[in-house]
Structure formats: structure tokens, C-alpha cells
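Notes to accompany the following structure.
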Amino acid sequence: MKKNGFMLVLFLLLGLLAAAIVTQLLASVTWLGFLTKSAQITWEPKADLNVIKYSLFLQLKLNVISILGIAAAIWIYRKM
């Protein structure tokens, strides 16, 4: 399989998705709360140019499990 930027982004998104699922499954376990506590990063660029107007909202929630998911995705990508 050929390595390229698209494959890396795909692996990263799949790693984040898997980490989000694991986070939801572990949310009810009280003694693992430090793994599921998230920090939110938001970015909201806007422009009004009288001809065109746009607004975009991006939010990223990072926790320990999502960082482990990203690291696992990069490791799997490098092993390909």
C-alpha cells in the first residue's frame, strides 16, 4: 500500500474516532475519570466581504485516550 498524506489523515481520523468510542464506553467508570476528561480547542473563522459571507466552526476535544488513539494511528501508519 502506498503511503501518502491522504492515508495519514485517514488513519488519524480513524484513531480519533476509535478513541472517542472508547471514551464514551469508559465515561461511566468513575475511577477512570482522568482518562475521559476533555479539553476543548475551538476555531471559528468568519468573513463578510459584501459579496460572499462564510462562517466555519471547528471544535476538537482532546483527552488522554484520544492522544493515545492518535499515537496508535501514527504507529500503524509507519508500520505499513
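The values are calculated or read from the model by the stated rules, or taken from the named source; none is laboratory data. Just so it is clear, the structure is predicted and the values come from calculations on it, not from any experiment. In this analysis, Cβ positions are derived from the backbone assuming ideal geometry, glycine residues included, and neighbour counts consider all displayed protein chains.
Pick from L8, L62: which is touching a helix residue (DSSP H, G or I) at 6+ places or on another chain (Cβ under 6 Å), surrounded by 13 or more Cβ atoms within 10 Å (Cβ to Cβ), of a type outside the set (F, W, Y) and modelled with pLDDT under 95?
Numbers: L62 fails: touching a helix residue (DSSP H, G or I) at 6+ places or on another chain (Cβ under 6 Å).
Of the residues listed, the single one that is touching a helix residue (DSSP H, G or I) at 6+ places or on another chain (Cβ under 6 Å), surrounded by 13 or more Cβ atoms within 10 Å (Cβ to Cβ), of a type outside the set (F, W, Y) and modelled with pLDDT under 95 is L8.
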Of the residues in the range 32-80 that are part of a strand (DSSP E or B) and of a type in the set (G, A, S), the one that is nearest to V22 (Cα to Cα) is A39
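To keep it simple, each residue is scored yes or no on (1) closer than 20 Å to L13 by Cβ; (2) in contact with a Phe, Trp or Tyr (Cβ under 8 Å, 6 or more places away or on another chain).
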| site | (1), (2) |
| --- | --- |
| T30 | no, no |
| Q40 | yes, no |
| E44 | no, yes |
| L49 | no, no |
| A71 | yes, no |
| W75 | yes, no |
| M80 | yes, no |
What residue, among those in the range 18-31 that are of a type outside the set (S, T, Y), in a helix (DSSP H, G or I) and surrounded by fewer than 13 Cβ atoms within 10 Å (Cβ to Cβ), is modelled with the highest pLDDT?
I21
I'd like to verify a number: residues in the range 32-43 that are modelled with pLDDT of 90 or more and surrounded by 14 or more Cβ atoms within 10 Å (Cβ to Cβ), how many?
0
How many residues are under 30 Å from R78 (Cβ atoms) and either of a type in the set (S, T, N, Q) or in contact with a Pro (Cβ under 7 Å, 6 or more places away or on another chain) (or both) when one looks only at the range 15-41?
5
